[in-house]
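The values are calculated or read from the model by the stated rules, or taken from the named source; none is laboratory data. Keep in mind that this is a model prediction, so the values were computed, not measured. Reconstructed Cβ throughout: ideal geometry from the backbone, glycine too, with neighbour counts over all protein chains shown.
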Amino acid sequence: MSTPSQWPLPPQGMRFLTPAFLLQQLHRHPLTRDCYPTAMGYYPRAHSHRMRRARHDDNLLMYCVDGFGRLRLGEASYSVGAGDLVLLPQGLAHSYNAATSQPWTIYWVHFQGVSSRIFSEYLGYAEKKPVLHVGLAPTLAMNFHSLLSVGQTGYSSSAFINAANQLRHLFTQFALAAKHEQAAQPAGLDLETLRAYMQENIHHSLELDDLAAVAHLSKYHFSKRYRALTGYSPIKHFLHMKIEYACQLLDSSELSVKSIAATIGYDDPLYFSRLFRKVMGLSPRAYRHSVRK
């Protein structure tokens with residue numbers, strides 16, 4: 001296990017290591033062996049904070065919420081500021097330090113687990129891009145604080161099992177925040193506006209041309225950027241929104257399948273039923289029966 005820095009902890013700071021007996025339990029337990037914390041902490045205005053590791057036995061995630069710092073990987077150097085996430089996978093030699101004039105405030109967690117690499121890749125880690133901008137979000141900091149509360153449970157096994165799953169959730173939150181930040185860049189897409197436009201037109205048909213026009217892009221560039229940000233095509237997403245709405249109508253109304261199809265813009269109820277089955281795995285009538293049991 002990697003040793004956290006020996007930087008003197010200020011009164012408001014937090015730092016603790018998961019004890020060896022719990023690490024063994026977390027490594028074996030089916031609910032935690034994929035990913036679990038080995039050490040974690042919170043360093044506010046970390047004056048003179050620095051660390052160098054030639055050997056890194058754990059994975060490390062750091063979230064900067066204020067100030068600045070610098071990360072070095074070999075000959076490469078990266079600036080770290082508020083809203084940045086630093087991800088350093090196991091085995092990667094590195095060094096980092098807080099800025100002198102405006103030292104960073106960071107949350108950090110060392111983690112291990114058989115799926116650590118998968119979580120890192122899901123977060124968007126790349127060898128030449130270890131710093132990811134996720135923005136400043138009170139919920140992210142609050143959830144990190146919640147994770148840190150496990151250090152006041154008397155090393156309760158159940159509390160650490162919960163913390164391991166909180167950490168998994170935190171990873172997915174960071175990944176979602178990174179996508180939103182990427183979409184908000186000048187070269188990105190206003191996903192909220194696009195989704196609102198889709199919602200407003202849920203009762204009609206939309207073509208790729210219509211959506212590309214909202215984004216002020218060509219069809220090709222719009223579709224490529226949308227897929228890069230969301231993982232699926234804009235038309236497929238619009239279809240899913242329609243099916244989602246159809247499910248609500250099937251559950252909350254007595255409208256016929258034909259009427260529901262027409263409501264979301266399909267004149268052919270058989271075509272609608274085929275699309276519904278393809279997405280949901282069962283027919284509209286079977287879905288209505290299953291949710292009303």
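Quick rundown of the values:
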read-out: Where Tyr155 falls short, out of the listed (1) assigned to a helix (DSSP H, G or I); (2) surrounded by fewer than 16 Cβ atoms within 10 Å (Cβ to Cβ); value: (1)
read-out: Single unsatisfied condition, Met198 versus (1) part of a helix (DSSP H, G or I); (2) in the same structural domain as Thr18 (by TED's automatic domain parsing); (3) without any contact (Cβ under 8 Å) to a residue 60 or more places away in the chain; value: (2)
read-out: Restricting segment 6-18 to residues that are assigned to a loop (DSSP other than H, G, I, E, B) and farther than 16 Å from Asn59 by Cβ, the residue that is modelled with the highest pLDDT; value: Gly13
read-out: Count of segment 102-134 residues which are farther than 17 Å from Tyr78 by Cα and surrounded by fewer than 17 Cβ atoms within 10 Å (Cβ to Cβ); value: 6
read-out: Residues of segment 88-145 that turn out to be in a strand (DSSP E or B) and of a type in the set (Val, Ile, Thr), as a count; value: 4
read-out: Considering residues of segment 234-277 that are touching a helix residue (DSSP H, G or I) at 6+ places or on another chain (Cβ under 7 Å) and of a type in the set (S, T, N, Q) only, the residue farthest from Thr193 (Cα to Cα); value: Ser273
read-out: Tally of residues being in a helix (DSSP H, G or I) and either under 23 Å from the mean Cα position of the chain (by Cα) or crowded, with 18+ Cβ neighbours inside 10 Å (or both) across segment 215-234; value: 11
read-out: Verdict on Asp209 being of a type in the set (Asp, Glu), modelled with pLDDT of 90 or more and surrounded by fewer than 16 Cβ atoms within 10 Å (Cβ to Cβ); value: yes
read-out: Some residue of segment 50-59 being at negative phi and in contact (Cβ under 8 Å) with a residue 60 or more places away in the chain; value: yes
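This table checks each residue for (1) among the charged types (D, E, K, R); (2) in contact with a Gly (Cβ under 7 Å, 6 or more places away or on another chain); (3) closer than 21 Å to Leu17 by Cβ.
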site: Glu75; (1), (2), (3): yes, no, no
site: Pro103; (1), (2), (3): no, yes, no
site: Phe119; (1), (2), (3): no, no, yes
site: Tyr125; (1), (2), (3): no, no, no
